[in-house]
Amino acid sequence: NFYDGVPEHDWVAEYESYIKNLKQHKTNVEAAIRSDYEDGGDVKEYVDFHLEELDASTIDNVLAGTDDSKPKEERLLSV
């Protein structure tokens, strides 16, 4: 909203910096998700809940294209 003037914070530079490092941010987020899952945190609870509550056909659709040799929990985590 520029009706009240130009913002003092340089959000364009902040955004540009974030975008330049997007691949590293993605890696960091995936590592945090994996760590929480392995520690039995909210991610583990989320995966377990959905495997229990969703019907088999929905789960199969979500897991399509994942490695069948891995447990469903790992496959869901990968997607």
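Values for this structure:
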{"item": "In segment 55-77, residue farthest from Asp42 (Cα to Cα) [restricted to those that are in a helix (DSSP H, G or I) and charged (D, E, K, R)]", "result": "Asp60"}
{"item": "So Lys44, is it surrounded by 11 or more Cβ atoms within 10 Å (Cβ to Cβ) and within 18 Å of the chain's Cα centre (by Cα)", "result": "yes"}
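Bear in mind these aren't lab numbers, they're just calculated from the coordinates by the rules spelled out. Note that the structure is a prediction, hence the values are computed from the model and not measured. Here Cβ is always computed from backbone atoms with ideal geometry, including for glycine, and neighbour counts include all displayed protein chains.
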